[in-house]
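Remarks on the structure that follows.
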Amino acid sequence: MPDTLTIEKSLPRERLDAFLHAQFPSVSRGAIQRLIEQGHVRVNGLTPKPSQSPRAGDAIVITWPEPKPAIAQPENIGVEPLYEDADLLVLNKPAGMVVHPAAGNAEHTLVNALLHHCAGQLSGIGGVARPGIVHRLDKETSGCLVVAKNDATHLALAAQFEKRTVQKVYLAIICGIPPAVQADIQAAIGRHPTQRKRMTVVQEKGREAWTAYQIVTRLNHSCLVEAHLHTGRTHQIRVHFLHIGHPLVGDKTYGIRPNHRLKELTGYTAPRVMLHAWKLTVQHPITQQLLACTAPIPQDFQEAQLALCAGNGAVNK
């Protein structure tokens, strides 16, 4: 069924593609632009330009194309469900697994595993490369990830992420010990001006980003922290802890020098970025019940704590 929107107020400073992305946040702006270019979006019966501004009275009709057969092939890799029913799946993603196929990672991704595990029951909104994928975790990050099995669930979950009603709690091991036992890090994040694969804290043109943390255990020249994400920007936790001078242990992108120093002081080298998506709470789109899932702490994360243990014990919250 096509979606129809009527513009109530002119938006002279906003592009059509940006406006539609805001209305359908689970569909990327690039995907919206492709839909416009392919004639799936009509404004007053005509094919618009992505850059044109919505005007009062405009009637927008979006005809969603049928999902094409997935390019990725099912692989019997195995997934670890934390919760599963006919509408969604919350799983424990292992560290080292890429979420969706991309250049250089066409196989052995989470999508390949999901295509086998869910046997065709995945939402098509993410396109052929990302069926069922509502949000992502970095390759080296382990822990909770929710997957949609149909389009209605996908849209409802995406709306929760957009409205920031999803509760996301991470565990991270960071270099050094911050002076504050708990604090908020509120610093806008944007693309690095010269290193395009990196994100950074920016004063202008950045997107609002908010991480709250509290120290759980002081370790040797490091500590275990619990981080609550109030927003969900790319590399948010990694960039925010770098911003306060305490990058994540094992982070070769944002913390090379502090990790070299940590190795000199402790003899420990982490096998990956020490970041674990520990807890995830969402509202089930069908039953409306809260689903609170917890991913077991992986062995390499526990080994890192033991290797860095200084006997200082837990910090009182």
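The values are calculated or read from the model by the stated rules, or taken from the named source; none is laboratory data. Small disclaimer: the values here were computed from a predicted structure and weren't measured. As a convention, Cβ positions derive from the backbone with ideal geometry for all residues, glycine included, and neighbour counts pool all protein chains shown.
Figures for the structure shown
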{"read-out": "Only one of R233, R272, R261, R257 that is of a type in the set (D, E, K, R) and under 30 Å from A152 (Cα atoms)", "value": "R233"}
{"read-out": "Residue match in the range 169-191 (condition: surrounded by fewer than 17 Cβ atoms within 10 Å (Cβ to Cβ), at pLDDT below 90 and not assigned by TED's automatic domain parsing to the domain that holds D251)", "value": "no"}
{"read-out": "Residues of the range 268-280 classified as closer than 26 Å to L91 by Cβ and either surrounded by fewer than 13 Cβ atoms within 10 Å (Cβ to Cβ) or not small (G, A, S) (or both), total", "value": "9"}
{"read-out": "Output for the range 35-49, where each listed residue is part of a helix (DSSP H, G or I) and either surrounded by fewer than 17 Cβ atoms within 10 Å (Cβ to Cβ) or in contact with a helix residue (DSSP H, G or I) (Cβ under 7 Å, 6 or more places away or on another chain) (or both)", "value": "I36, E37"}
{"read-out": "Any hit, the range 171-192, residues being over 22 Å from I244 (Cβ atoms) and in contact (Cβ under 8 Å) with a residue 12 or more places away in the chain", "value": "no"}
{"read-out": "Set S28, S53: member being surrounded by fewer than 18 Cβ atoms within 10 Å (Cβ to Cβ) and modelled with pLDDT of 90 or more", "value": "S53"}
{"read-out": "Of all residues in the range 122-170 being in contact with a helix residue (DSSP H, G or I) (Cβ under 8 Å, 6 or more places away or on another chain) and among the β-branched types (V, I, T), the one that is nearest to Q73 (Cα to Cα)", "value": "I133"}
{"read-out": "Test result for E8, assigned to a loop (DSSP other than H, G, I, E, B), under 21 Å from A159 (Cβ atoms), outside the structural domain of C118 (by TED's automatic domain parsing) and of a type in the set (D, E, K, R)", "value": "yes"}
{"read-out": "Residue among L290, L265 that is within 20 Å of F301 (Cα to Cα) and surrounded by fewer than 18 Cβ atoms within 10 Å (Cβ to Cβ)", "value": "L265"}
{"read-out": "Elements of type strands (runs of 3 or more DSSP E) contained in the range 125-225, each with 2 or more residues being under 20 Å from N112 (Cβ atoms)", "value": "142-148"}
